[in-house]
Amino acid sequence: MGKSDGMLEGIIILIVLIIIMIITPKGTSNIATKSPQSDTQSSSAEKTPTPTSPYKQSISLSTGNAPYAYQSYEEYITIDNVGSGPIDITNWQLKNGKGERAYSQGGNLQYYPSDVAIIGQATSFVSPTGSNSFKDIVLQQGESAVITTGSVSNQSPYKIVSFKENICSGYLDDLPEYTFTPPLSTNCPRPKNEPGVELLDSECRTFIENMSSCRTPKFNTVDENGDICYNCVNSKPLSSSCVDFIKNHFNYSSCIANHKNDSDFSGRTWRIFLGKGWEMWAEKYEKIELFDQLGRLVNYRSY
């Protein structure tokens, strides 16, 4: 083979290599094929919210009875301050996962906006006269808030609004007009320790010493003969001075009047009512999201 033949062969090889490079897609050998599993994982990661609020380490969120309660007045979740300082949760928002659930309607899948509720202010205690004074809800370290979706429908004998539990709250829980879910704390002052008991007659003192805490006595009941006894308490005849003392000390209104300035008056739990007339949290496939006053995600729970 001559020199010219060798050059011709080299040119032909070069032309063939150039043609191969032109018709071959760039980066073919470097393309990574994603498996269906990796796609699913990526999609799930995108849907998982990431807390961005500076309170995310200090606020614990619990589902309460949300998965199995059906009435708004009994449905609740809880918020706990597990941080090291006070946190104002006023104007924080709660959001459900309705917007991420598909609903079948007329053979088609429909999506609806999520429900949002705002945590408002509350009173230090339910006023016996209805003149409640509201303020921001500040959870101190270790305090909790029970967030009820609805409200207390019965507003008599006391108007029930969002409030902080105290040593008199047990009297409210004991009244047949109300049902609180979960029940209010029942750590009322013990009747026998009420100031002034030591000045009463012996029979009266014995009766009061046997009274239960957080219970409102019944007056003008019938005696053992079935006759109305105007000086009877829980069907027990007592002196007029004894009956007057019991009326003025052992009920919710009297407890507030006599103990609201006590150093141990306030409890550790706020009772917040969102006032919704419908169930906010679904039985399943639900997501509860909590946002701070600037709209930053604090915490969430899914079930």
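Conditions tested, residue by residue: (1) loosely packed, with under 15 Cβ neighbours inside 10 Å; (2) over 15 Å from the mean Cα position of the chain (by Cα); (3) in a loop (DSSP other than H, G, I, E, B).
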{"residue": "Tyr55", "(1), (2), (3)": "no, yes, yes"}
{"residue": "Leu61", "(1), (2), (3)": "no, no, no"}
{"residue": "Gly64", "(1), (2), (3)": "no, no, yes"}
{"residue": "Tyr68", "(1), (2), (3)": "yes, no, yes"}
{"residue": "Ser72", "(1), (2), (3)": "no, no, yes"}
{"residue": "Ile77", "(1), (2), (3)": "no, no, no"}
{"residue": "Leu94", "(1), (2), (3)": "no, no, no"}
{"residue": "Gly99", "(1), (2), (3)": "yes, yes, no"}
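For (1) surrounded by fewer than 19 Cβ atoms within 10 Å (Cβ to Cβ); (2) of a type outside the set (Phe, Trp, Tyr), each residue gets a yes or a no:
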position: Glu209; (1), (2): yes, yes
position: Lys218; (1), (2): yes, yes
position: Val233; (1), (2): no, yes
position: Asp244; (1), (2): yes, yes
position: Phe265; (1), (2): yes, no
position: Glu279; (1), (2): yes, yes
position: Glu283; (1), (2): yes, yes
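Identify all residues within segment 129-163 that are in a strand (DSSP E or B) and surrounded by 14 or more Cβ atoms within 10 Å (Cβ to Cβ); write none if there are none.
Correct list: Phe134, Val138, Leu139, Ser144, Ala145, Val146, Ile147, Thr148, Phe163.
Can you pull out the residues in segment 176-203 that are of a type outside the set (S, T, N, Q), buried (at least 16 other Cβ atoms within 10 Å of the Cβ), in contact (Cβ under 8 Å) with a residue 40 or more places away in the chain and outside any helix (DSSP H, G or I)?
Phe180, Leu184, Cys188, Pro189, Glu194, Leu200
FYI, it's all coordinate maths here, none of it is from the lab. Here the structure is a predicted model, which means the values were calculated and not measured. Note that we place each Cβ from the backbone using ideal geometry, even for glycine, and neighbour counts take in every protein chain shown.
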